[in-house]
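The values are calculated or read from the model by the stated rules, or taken from the named source; none is laboratory data. All values derive from a computational prediction rather than experimental measurement. Heads up, the Cβs are rebuilt from the backbone with ideal geometry, glycines too, and the neighbour counts pull from every protein chain shown.
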Amino acid sequence: MSQDIVPTASDPARAFEDLRGEVSLLRLAVQGLSAERRNAPDYLPTLQDIAGRLQSVGQSLKRIEQAPTMVLTPDSFASKIKEAAAAARVEDRRLVADAKESLRDSLDRIDALVERGWTAERQWRQLLWTGAIAFALGILICAAVPRILDRRPAHPHLTATFSGQPAEKTREDKRRPRPASS
């Protein structure tokens, strides 16, 4: 086959000889291929491993293809993001409202405590003023009662000092007889 031998009609023996050479050459080539095949490494485990990996990659790709995010278009994905943001804002508003209510309750309690303190302070002030006024009225009453009962000033010396007249005699002075003046 390496040569194109064209047998001539005059030499049939030579043609058979050439054919025998070619057949033996072909047989040697086939034997060499068989020997090489026997010495070739066995790729079956490696190919089975690659096939298993390709199968798991194929399953992963199927799961990815079936995922809801792969079905979404950019517009529907944007609308899903907006819905999630709106839901988060609703939750945030609820949390802020709860915090406001808690703060308002705390401030009301603090105001009540401060008011209670002011009320106690006011009561003490009122008690002090009442006591001071009662004390002053007591002094005035103590000073006025003898005068009302005797119809004369309670302290004749004070009356004489302010009026410029000599002080009246007290009851004891009136009861004692006066010595005769000579």
Revision key, fill the gap. Within the range 1-27, the residues that are hydrophobic (A, V, I, L, M, F, W, C) and either modelled with pLDDT of 85 or more or surrounded by 11 or more Cβ atoms within 10 Å (Cβ to Cβ) (or both) are 5, 13, 15, 16, 19, 23, 25, 26
Study note, to complete from the structure: In the set 160, 87, the lone residue that is on the phi < 0 side of the Ramachandran plot, surrounded by 10 or more Cβ atoms within 10 Å (Cβ to Cβ), at pLDDT 85 or above and among the small types (Gly, Ala, Ser) is 87
